[in-house]
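Each value in this text was obtained by applying a stated rule to the coordinates, not by laboratory testing. Fair warning: this is a prediction, and the values are worked out from it, not measured in the lab. Heads up, the Cβs are rebuilt from the backbone with ideal geometry, glycines too, and the neighbour counts pull from every protein chain shown.
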Amino acid sequence: MFKEFMMRQMLAKQLKQLPKAEQDQIIEAVTKNPEIFQKIAESAQAKMKAGASQMNATMEAAREHEAELKKVFGK
């Protein structure tokens, strides 16, 4: 419970530039499906260690898991 609270607070801080509705949607998705986002984070970390920029690594990792993300966000 504390871990979830901390994760929500960290996400809210990172997403503060987004509209509230989008923030809530992303926070809910991450809270309900942490394993998918963990896989994306691990993939992005590996790409950054291989020399990719953080943005490129994250985008590429998200593309690799695009089907899973579409299921999470209902698209």
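Annotations for the structure displayed:
- Helices (runs of 4 or more DSSP H) enclosed by the range 1-73 - at least 2 residues per element that are of a type outside the set (S, T, Y) and touching a residue at least 40 places away in the same chain (Cβ under 8 Å): 20-32, 66-73
- Residues located in the range 8-29, provided they are in contact with a helix residue (DSSP H, G or I) (Cβ under 7 Å, 6 or more places away or on another chain) and farther than 16 Å from F73 by Cα: R8, L11, A12, L15
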